[in-house]
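Quick notes on the structure that follows.
Taken together, the values in this text are just the output of simple stated rules run on the coordinates, not laboratory data. The structure displayed is predicted, hence computed values, not measured ones. Glycine also receives a Cβ, built like all others from the backbone with ideal geometry; neighbour counts cover every protein chain displayed.
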Amino acid sequence: MVEGVRTHRKEDSGVGMRLTLEPRWRDHDGMLELRFSMQGSGFAAEVRFYEYPETIEEFGRTLYDFPRSSTDEVVFENGSNAPNSYSWIVLRAFVFDGVGHSALEVECRRNGTRLLSAQSRFAVELEPATINRLGYELASWVSSGAEQSFVFTNEPQ
């Protein structure tokens with residue numbers, strides 16, 4: 001499921017972000033079916049996808065030292081945006097100016113008939129330290145077994 005709905009909450013002011021990964025099923029070889037959702041900047045997105053935990057942990061680790069330069073971009077991509085693909089998700093942490101201001105962008109799509117297909121794309125401005133914390137918490141979640149839902153907000157801990 002992918003949703004691209006406009007919300008009217010405190011996210012409209014540019015603050016407040018929530019990202020969740022909910023494990024739905026685990027294959028015999030360890031692959032997970034995950035329900036991803038993210039809300040922020042007044043928008044929301046949700047999509048299901050399949051991935052190995054190690055790939056998610058690696059993405060988290062690449063966020064530890066973000067940004068390494070004023071043009072740094074860290075990307076997680078799963079699936080394909082080709083019409084015959086089930087779903088596609090891209091998460092991008094990127095620097096959007098020369099002084100290191102950063103954001104997390106989500107772009108996702110679920111293909112199907114006109115009644116089933118959906119897509120969403122938006123970005124949430126985040127401090128680099130918040131993106132680093134996301135990476136640390138994501139990698140820790142995977143290394144702990146990824147049995148429970150992962151929930152991350154940009155609210156101070």
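Loop-resident trypsin sites (Lys or Arg not before Pro) (DSSP state other than H, G, I, E or B) in region 104-153 with no more than 15 further Cβ atoms inside 10 Å of their Cβ: 114.
Please list the equivalent ellipsoid semi-axes of region 5-153, computed as the square roots of five times the alpha-carbon gyration tensor eigenvalues, in descending order and whole angstrom.
Values for region 5-153, descending: 23, 20, 15 Å.
Put in line by how crowded their Cβ is, counting other Cβ atoms within 10 Å and starting with the fewest, 38, 17, 31 read 31, 17, 38.
At 25 °C and a viscosity of 0.890 mPa s, what translational diffusion coefficient does Stokes-Einstein give for region 52-122, taking Rh as the Kirkwood radius over Cα pairs? Give it in µm²/s as a whole number. Walk me through the intermediate numbers first.
Details: Rh = 13.5 Å.
My calculation gives 181 µm²/s for D.
Here is the size of region 113-157 from its Cα atoms: Rg then Dmax, 14.8, 42 Å. Between the amide H of residue 154 and those of 17, distances stay under 5 Å, these residues lying 5 or more places away or on another chain, with hydrogens modeled in the peptide plane.
What longest range of the chain stays clear of loop-exposed chymotrypsin sites (Phe, Trp or Tyr not before Pro) (DSSP non-H/G/I/E/B, at most 16 other C-beta within 10 angstrom)?
The segment 1-63 is the longest one with no such site.
Tell me what the chain gives for mean residue ellipticity at 222 nm when only DSSP H runs of n ≥ 4 count, each as -39,500 (n - 2.57), the sum divided by the residue total, rounded to 500 deg cm²/dmol.
On the way: 2 runs with 27 residues, N = 157.
For the chain, the value works out to -5500 deg cm²/dmol.
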